[in-house]
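Here the structure comes first, spelled out in structure tokens, and everything after it is commentary.
The values are calculated or read from the model by the stated rules, or taken from the named source; none is laboratory data. For clarity, every value in this text was computed on a predicted model and none was experimentally measured. Note: ideal-geometry Cβ built from the backbone for every residue, glycine included; neighbour counts use all protein chains shown. Note: accessible area is taken over every heavy atom of the protein model, side chains too, but ligands, DNA and RNA are not part of it. Shrake-Rupley method; radii C 1.70, N 1.55, O 1.52, S 1.80 Å.
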Amino acid sequence: MARVPALTTSIQYTQHYLLEKLVVKGVVVLMGFCSLSTLAMADRHGEDSPYFAGWKAYDLNPYDLLYNPSGIIQMGLAENQVGTDLLEEWLEKHSDIPTWKGTLTSFKQTALYQDYHGLANFRKALANFMAEVRGRRVKIDPDMIVLTAGATAGNEILTFCIADPGEALLVPTPYYPGFDRDLRWRTGVDIIPVKCYSYNNFEVTLPALEKAYQEGLSKKQSIKAILITNPSNPLGLTISPQTLTMILDFAAEKSIHVISDEVYAGTVFSSQPFTSILEIVQSSNKYDPETVHVVYSLSKDLGLPGFRIGAIYSSNPRIITASRRMSSFSLISSQTQVLLKCLLSDSGFIAEYLATIKERLKRRHGEFKRGLKEIGIDSLEGNAGLFSWVNLRNLLVCDNWDGEMKLWRVILEEIGLNVSPGCSFHCEEPGWFRVCYGNMSEDEMNVALGRIKAFMSAGRAQEIAVLSMGKTDALAAAEGSSGVAAAACTSLGLDAGDLQPEPLAH
Amino acid sequence: MNHSRSRRNPTREPDFPTAKPPSPGGSSGGGAGAAMRLIVPLQGVVQGRGGLILGSVIPGALYYFFQLYLKRCRSAKPNSNPPSPSSSSAQLADLSRSSSRSNLSSRGSVGPVRVSARANSIAKPNASPYYIGLERASEDPYDRFDNPDGIMQLGLSENRLSLDLIETWILENLERSMIGGADGNLNISGIATYQPLDGMMEMKIAVAGFMSQVMGTTVSFDPSRLVLTSGATPAIETLCFCLADQGNAFLVPTPYYPGFDRDMKWRTGVELIPVHCRSSDNFALSVTALDQAFNQARKRGQRVRGILISNPSNPIGNMLNKETLYSLLDFAREKNIHIISDEIFAGSTYGSEEFVSMAEILESEDFDKDRVHIIYGLSKDLSLPGFRVGVIYSFNTSVLAAAKKLARFSSVSAPTQRILISMLSDTRFIQRYIETTRERIQKMYVAFAAGLKQLGIECTKSSAGLYCWADMSGLIRPYNEKGELELWDKLLKIGKINVTPGSACHCIEPGWFRCCFTMLAEEDIPVVIKRIQRVVET
């Protein structure tokens, strides 16, 4: 008698074993048994989030005023095109510069230059620009700049330098979705979210920091740094000097590093100037400057993401050495360095450019916020960035993440806008969306606003709620029984792909 | 001999803490934690009884454990493995440790804020003569007119022979190529905005075209299998990240390019197993040696994920023939491992021998393509290292998918891509450039090898690359690595020339040196030879 169950177990075990083999090594089977690294096969890159899914939908049907007026408008891309005309004008005026005529560097030197220090005169020009966007209240030493091909690589290299696999960084939420990939994927470092909420405009608080820190400790994780984004992406808000001081105090108390990602520093359009963390560190001797590091880039402030210019600014000699050596995996083309050296050295142009984009962003932010307000949609009072952080909680058919995803699909498929849902930023409250307007013309932004208005006035929000819940629950939902609605929402799950894309309302 | 060589070589020390058994410190920390949990409640009991002895013993014990904890904290090397809660006692130890740590830090008594273990190991001073030499030469560079007593740089494989051709082309075409659209209108948004991070499609088509032009048009490259990176350095690192986990290894025939020890190991935690080739068969690769190294690794419990070959070889300058490529593919299939074929010198060939790309073999025969990955770049064959363009060419869709995502950390600048698209599409110019470059390299090779021969120094027969692999074993005393490095030092300090010693390339035989002659002008050759002679005669 006893043999039977034993046999069954062994068969079950064999089956289980085989199944596991098949699942785990499935890739191996497909690829002729030559396996890849765990890194290549794992989904730690986090690119399966809706943040990226929306981009794919946009790629299939992009809006164009003339050729595809009903296409999807890309409001998920934080790109700065508000000053492109100025850059174009400058390049036209200086079209002889890229040919190396009259520049200090000869073509031969440029073609061969592959030193990871970067061209000295480019670094000097960049240091000057970094000081300029920080209101000249910060001293930037060109020798403490490590150049990288974009801030993405800058953030990754700093993480490599500060933490070892299994260790963690504290990152206040909501944060840029790319961090999940840039900071974690190859480094093996983890992110512990510091939870922030709408009641105080998502400002970081000491108890939230302390809680996240303790959470890390209870998971036996060694916490090495706190990474802040200032001005914040997705909030479009700068961090106040008081909060910065609090963060620095906290970091000093815990003996951890502070990384400040300041890629939007030049977009601050409020009358209140931007305060870099470097300003606070340099103006007091209370903090160890070797524990504070800044990541910068020309992608956002200068609107040149295609040029791939990033920088790490640190006064920690060990981190400078290690990250400079690692930057050999991420060097900037010398041709591009020469070109930008000329652009950045034109101080008259730079001053005009910065003033113009600030003014334009301010106007856009105001217009967009006003436009939404008119139809009863609230958004954060931002003072920087290329986007608005919009509160659509009232429109959720159920107050949870399913509800947010549903609404996101509706916005994508019905209104024809690709926006980024709060869940992809690890926001703690459902219903928030990041809507970018810096990557389009003012006219296109107004088309987008028009679409939202049309959608709202047609009462489509209610109809969608009804549609997505299936015919049976429709009545209940229409009567406003939120409990039923929520239940219906959850039971339908994220895969309610049966929403019929309808012709867009104009 | 094998063992002594690798032990002495500075670059063989592991850059990364590989999977190690838990350090003994861990258990003592656990003991301290457990003891504290016991002792702290005891204090109450002690006070109640008023035991004088216990009252002094316990704080003493506490102090002892406190010291132990601090010591552990300081010496603790972060384990590369994420902590796994394996036993309850370990959990207990960690819990109490973390709580006491936060107490400590609130008093501000924790030591300085540290950087990661990997940053520390990467920031270590350069130990390899390859990097030391490069640094010295860049501090005091030779110039025929401005600094005739400076150090002559023969340690960097850079081709400066045909830059005049590129410069002329750039001067004539650059303005239009960078920001001019197809219709001649200025169009900055084509370069300023976000471009595909793994390279623009037009650029991939242009590079694929250049690759087949350089490799003899018998082979064609599919642009959709290309991933562009900012140089071959990130290309090779990206492939390592895709193919191997930390602690896994690649077999690498020696002598090999010294940079592999950084590029492949630093951040990936991958290890390189040297497979020695010898002068007796012109440093040809033998499958028997590969097999031996593979089996030895397996016995050690190390997982070998692939072979890295450089073809044409750097530093030797020879090429792998078809038969060797076939046997390599058979070996890889038999062992079920990958092949990375670094072909960045494919266009820098001269002489009668034909270069055969791994891609050509795969195209003609029914091999398992998924395991083959090719590295290419424009730094050597187009003499544009400053422009940072590297290529991963893979037949494996999963590798391509992962590499495309990883390319975000090392993208090529868009304006640079625009210029290169124009340049590479000008196939007449490219053809002229390739032919001229080959002639010039050959001329320099012949002149340089002849100069060395006058001094009794022989070079291996080579038909590719930008360097000579010179045998100076007759000049070193004692006949070992020490002797070799002494000669290298003399060449640098007395002769004022920087060459790469074989030991930096993990060569098993002492006395070999790599000399890059494409860094020189023709007039410089007699100067170099004279300088070597000066060292030889002292």
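Here are the numbers for the structure shown:
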{"read-out": "For region A:366-451, size of Cβ-based charge dipole, Lys and Arg +1, Asp and Glu -1, in debye", "value": "20 debye"}
{"read-out": "Per-residue mean of C-beta atoms belonging to partner chains within 10 Å, peptide B:159-171", "value": "2"}
{"read-out": "Candidate lysines - alpha carbon under 16 Å from A:LYS93, same-chain residues fewer than 8 apart omitted", "value": "A:LYS101, A:LYS341"}
{"read-out": "Accessible area of A:PHE274 in the full protein assembly, 1.4 Å probe (Å², nearest 10)", "value": "10 Å²"}
{"read-out": "Test item: A:147-153 mean partner chain Cβ contacts at 10 Å", "value": "5"}
{"read-out": "Region A:425-444 versus region B:417-436: alpha-carbon centroid distance in Å", "value": "43 Å"}
{"read-out": "Cα gyration tensor category, rounded, prolate or oblate, for region B:455-531 with a/c compared to 1.5", "value": "oblate"}
{"read-out": "Computed magnitude of the charge dipole of region A:100-350 (debye, nearest 20; Cβ of K, R +1, Cβ of D, E -1)", "value": "560 debye"}
{"read-out": "Solvent exposure of region B:182-426 as accessible area per residue, Å², 1.4 Å probe", "value": "29 Å²"}
{"read-out": "Positive-pole candidate from B:ASN282, B:SER212, B:VAL356, dipole of region B:182-426, charges at beta carbon", "value": "B:ASN282"}
{"read-out": "Extension gain (nm, one decimal) between B:GLN454 and B:ASP149, 0.36 nm per residue minus Cα-Cα", "value": "107.5 nm"}
{"read-out": "Estimated buried accessible area (total), pair B and A, 1.4 Å, Å² to nearest 100", "value": "7800 Å²"}
{"read-out": "Shape category assigned to region B:322-412 from the gyration tensor of Cα positions, a/c cut at 1.5", "value": "oblate"}
{"read-out": "For A:LEU66, net neighbour charge (Lys/Arg +1, Asp/Glu -1) across residues whose Cβ lies under 15 Å away", "value": "-3"}
{"read-out": "For residues of B:388-395, the mean tally of beta carbons on other chains within 10 Å", "value": "1"}
{"read-out": "Where labels lie 7 Å past Cα in the beta-carbon direction, separation of B:ARG477 and B:ALA127 in nm", "value": "3.0 nm"}
{"read-out": "Sorted peptide list for B:466-476, A:330-340, B:298-308, criterion being average Cβ within 10 angstrom, highest first", "value": "A:330-340, B:466-476, B:298-308"}
{"read-out": "Members of region B:240-261 that become less accessible by 20 Å² or more once partner protein chains are added (1.4 angstrom probe, chain alone as reference)", "value": "B:PHE241, B:CYS242, B:ASP245"}
{"read-out": "When the convex hull of its Cα atoms is projected in every direction, mean area for region B:182-426 (nm²)", "value": "13.6 nm²"}
{"read-out": "Extension reserve of the A:LYS286-A:HIS117 stretch, reckoned as 0.36 nm per residue once the Cα distance is removed", "value": "57.8 nm"}
{"read-out": "Cβ-Cβ FRET estimate between A:THR245 and A:ARG370, R0 fixed at 45 Å, reported to 0.05", "value": "0.85"}
{"read-out": "Gain on full stretching of the segment that runs from A:ASP43 to A:ASN68 - 0.36 nm per residue minus C-alpha separation", "value": "5.6 nm"}
{"read-out": "Förster-model FRET efficiency, 35 Å R0, A:ASP59 and A:GLU210, C-beta, rounded to 0.05", "value": "0.25"}
{"read-out": "Rounded, prolate or oblate (a/c below 1.5 giving rounded, otherwise prolate when a/b exceeds b/c) for region A:100-350 by Cα gyration tensor", "value": "prolate"}
{"read-out": "Charged-residue dipole, Cβ positions (Lys, Arg, Asp, Glu), region B:182-426 about Cα centre, Debye nearest 20", "value": "1020 debye"}
{"read-out": "Computed E for B:ASP426/B:SER220 - FRET, C-beta separation, R0 22 angstrom, nearest 0.05", "value": "0.70"}
{"read-out": "Cβ-based charge dipole, region A:100-350, positive-most Cα from A:LEU227, A:TYR113, A:MET130", "value": "A:TYR113"}
{"read-out": "Residue (of A:LEU217, A:SER299, A:LEU331) at the positive-pole extreme of region A:100-350, dipole from beta-carbon charges", "value": "A:LEU331"}
{"read-out": "Two-site label geometry, B:LYS530 and B:LYS493: point separation in nm, points 7 Å out along Cα→Cβ", "value": "2.4 nm"}
{"read-out": "Partners for A:LYS358 among lysines (Cα-Cα distance below 19 Å; same-chain residues under 8 apart left out)", "value": "A:LYS300, A:LYS369"}
